[in-house]
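Enquirer: One structure is given below, represented as structure tokens, and several questions about it will come after.
The values are calculated or read from the model by the stated rules, or taken from the named source; none is laboratory data. As the structure is a computational prediction, the values presented were derived from the model and not from experiment. Cβ atoms come from the backbone with ideal geometry, glycine included; neighbour counts cover every protein chain shown.
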Amino acid sequence: MRIGILTSGGDCPGLNAVIRGAVLKGVAIYDQEFVGFRDGWRGLVEDDVVPLTRHDVRGLSKQGGTILGTSRTNPFENNGGPDRVKSVMDKRNVDAVIAIGGEGTLTAAKRLTDAGVKIVGVPKTIDNDLSATDYTFGFDTAVAIATEAIDRLRTTAESHHRCMVVEVMGRNVGWIALHSGMASGAHAILIPENSVSLDQINEWVRLAFDRGRAPIVVVAEGFMPEGMEHPHTERGLDTFGRPRLGGIGEQIAPQIELATGIETRCATLGHLQRGGVPTAYDRVLATRLGMAAIDSVVNGTWGTMVALNGTEIIHVGLDEATMVLKTVPQHRYEEASILFG
Ligand code: F6P
């Protein structure tokens, strides 16, 4: 069999480890051949194909980014849909595709499977917001990077007796904020799932400051305080379609300073959280997922996705992964909030 691999959507530490795991097991155990489609679905609909041999994946488990490149191209948006995908696969003698991506990618994969394309999915997102899998690779790395950054920001904040607001990624969910905030001992963690008022945030900041601490506020980019309007309609744009100048961290930092009188700075971590080498945990998880994806292909279980359940890799329907976002449960936020202030 000839198998095509693509990585689609925002990149994520561990993507290369998935590719390596799939190719090494596919070659060694099942004697399969591989090609890569460049830049996600774009490579598949535009017939942009590269060879993917055992040699090409050497040493990849520790390499950040993706050797195949990625994009947010959707095969269903003016890109020919299933007919185009099938004709490129036929031309290249590709029997099946392993699609590594987040919600958008897996939704497209499901629609293509329904139209008769042989696809297996691998879940990917630093946000950890995909259902049907306990963790996604990339999340552990993002949390480790954010935690180290917050530890560093704390020492400068302490030296200056300042409050530090740290904005982390998480458009729809607060997993990175929750875990990095707990790991670094933040005095407030703000997540999209749980809106709180500016008054409440200011109270946590004051309590920490009055105990002689430099207050640390970790905020997920999708958080919005009670009663405040969302400053932008689309990612990267404000309500007038102009480039967004600052995220939610930049918006609340001056308000904290004004209300508490405590000098406050904001650091937005942004794409740092997606760059560089994956943690050992993510390398192992990503490699195991890649190896399990090849089992699905050989078994012909199209329309499924590999997933982590406890410590075991399982196979679930793509629809289970894409139906609802995995948000932070209320009890996890309440547990963390015992430590605020
Ligand atoms: O979905 C992963 C993610 O990193 C989000 O946390 C973030 O909002 C988004 O991607 C950023 O996307 P882009 O790289 O397109 O700016």
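Enquirer: Exactly one condition in (1) more than 19 Å from Ile313 (Cα to Cα); (2) buried (at least 20 other Cβ atoms within 10 Å of the Cβ); (3) more than 16 Å from the ligand (Cβ to nearest atom) is false for Ala132; which is it?
Expert: Exception for Ala132: condition (1).
Enquirer: Going by what's in this entry, would Thr156 be described as within 19 Å of Ala307 (Cβ to Cβ) and at pLDDT 95 or above?
Expert: No, not satisfied.
Enquirer: Out of the stretch 254-291, which residues are in a helix (DSSP H, G or I), in contact with a strand residue (DSSP E or B) (Cβ under 9 Å, 6 or more places away or on another chain) and surrounded by 22 or more Cβ atoms within 10 Å (Cβ to Cβ)?
Expert: Ile256, Gln273, Leu285, Ala286, Leu289, Gly290
Enquirer: Can you go through Val57, Val97, Val88 and tell me which one is over 24 Å from Val324 (Cβ atoms), in contact (Cβ under 8 Å) with a residue 24 or more places away in the chain and surrounded by fewer than 22 Cβ atoms within 10 Å (Cβ to Cβ)?
Expert: Exactly one of Val57, Val97, Val88 is over 24 Å from Val324 (Cβ atoms), in contact (Cβ under 8 Å) with a residue 24 or more places away in the chain and surrounded by fewer than 22 Cβ atoms within 10 Å (Cβ to Cβ), namely Val88.
Enquirer: Ok, one more. Taking the conditions exactly as written (within 16 Å of the ligand (Cβ to nearest atom), touching a Pro at 6+ places or on another chain (Cβ under 6 Å) and either of a type in the set (S, T, N, Q) or not assigned by TED's automatic domain parsing to the domain that holds Val284 (or both)), does Thr125 satisfy them or not?
Expert: It is false that Thr125 is within 16 Å of the ligand (Cβ to nearest atom), touching a Pro at 6+ places or on another chain (Cβ under 6 Å) and either of a type in the set (S, T, N, Q) or not assigned by TED's automatic domain parsing to the domain that holds Val284 (or both).
Enquirer: For the stretch 126-150, name all the residues that are over 19 Å from Asn16 (Cβ atoms) and among the hydrophobic types (A, V, I, L, M, F, W, C).
Expert: Leu130, Ala132, Val143, Ala146, Ala149, Ile150, listed by residue number.
Enquirer: Taking the stretch 303-318, which residues are touching a Leu at 6+ places or on another chain (Cβ under 9 Å) and buried (at least 16 other Cβ atoms within 10 Å of the Cβ)?
Expert: Gly303, Thr304, Met305, Val306, Ala307, Leu308, Ile313, Leu318 - these are the residues of the stretch 303-318 that are touching a Leu at 6+ places or on another chain (Cβ under 9 Å) and buried (at least 16 other Cβ atoms within 10 Å of the Cβ).
Enquirer: For residues that are buried (at least 24 other Cβ atoms within 10 Å of the Cβ) and hydrophobic (A, V, I, L, M, F, W, C), scanning just the stretch 146-168, find the one that is farthest from Gly270 (Cα to Cα).
Expert: If we take residues in the stretch 146-168 being buried (at least 24 other Cβ atoms within 10 Å of the Cβ) and hydrophobic (A, V, I, L, M, F, W, C), then Cys163 is farthest from Gly270 (Cα to Cα).
Residue-by-condition table, conditions (1) without any contact (Cβ under 8 Å) to a residue 40 or more places away in the chain; (2) over 19 Å from the mean Cα position of the chain (by Cα):
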{"position": "Thr7", "(1), (2)": "no, no"}
{"position": "Asp11", "(1), (2)": "no, no"}
{"position": "Asn16", "(1), (2)": "no, no"}
{"position": "Ile19", "(1), (2)": "no, no"}
{"position": "Tyr30", "(1), (2)": "no, yes"}
{"position": "Phe37", "(1), (2)": "no, yes"}
{"position": "Gly43", "(1), (2)": "yes, yes"}
{"position": "Asp47", "(1), (2)": "no, yes"}
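Enquirer: Now a separate question. Could you please find all residues in the stretch 105-124 being among the hydroxyl-bearing types (Ser, Thr, Tyr) and surrounded by fewer than 24 Cβ atoms within 10 Å (Cβ to Cβ)?
Expert: Within the stretch 105-124, Thr107, Thr113 qualify.
Enquirer: Restricting attention to strands (runs of 3 or more DSSP E) lying wholly within the stretch 1-101, give those where 3 or more residues are of a type in the set (A, V, I, L, M, F, W, C) and farther than 22 Å from Pro278 by Cβ.
Expert: Those strands (runs of 3 or more DSSP E) do not exist here; none qualify.
Enquirer: Something else about it: If we scan the stretch 316-333, do we find a residue that is over 30 Å from Arg111 (Cα atoms) and either charged (D, E, K, R) or within 17 Å of the chain's Cα centre (by Cα) (or both)?
Expert: Checking the stretch 316-333: at least one residue is over 30 Å from Arg111 (Cα atoms) and either charged (D, E, K, R) or within 17 Å of the chain's Cα centre (by Cα) (or both).
Enquirer: Could I ask something else about it? Within the stretch 7-35, work out how many residues are more than 16 Å from the ligand (Cβ to nearest atom), crowded, with 24+ Cβ neighbours inside 10 Å and among the small types (Gly, Ala, Ser).
Expert: 4
Enquirer: Pairs please, first residue from the stretch 306-328 and part of a strand (DSSP E or B), second anywhere and of a type in the set (Phe, Trp, Tyr), Cβ atoms under 7 Å, 6+ apart in sequence or on different chains.
Expert: Note: pairs meeting the criteria are Leu308/Tyr135.
Enquirer: Which one is nearest to the ligand (Cβ to nearest atom) among residues in the stretch 172-198 that are more than 23 Å from Leu130 (Cβ to Cβ) and of a type in the set (A, V, I, L, M, F, W, C)?
Expert: Ala186
Enquirer: Separate question: Taking Ser296 as meeting all but one of (1) at pLDDT 95 or above; (2) in contact with a Ser or Thr (Cβ under 6 Å, 6 or more places away or on another chain); (3) within 16 Å of the ligand (Cβ to nearest atom), write down the number of the exception.
Expert: The single condition Ser296 does not satisfy is (3).
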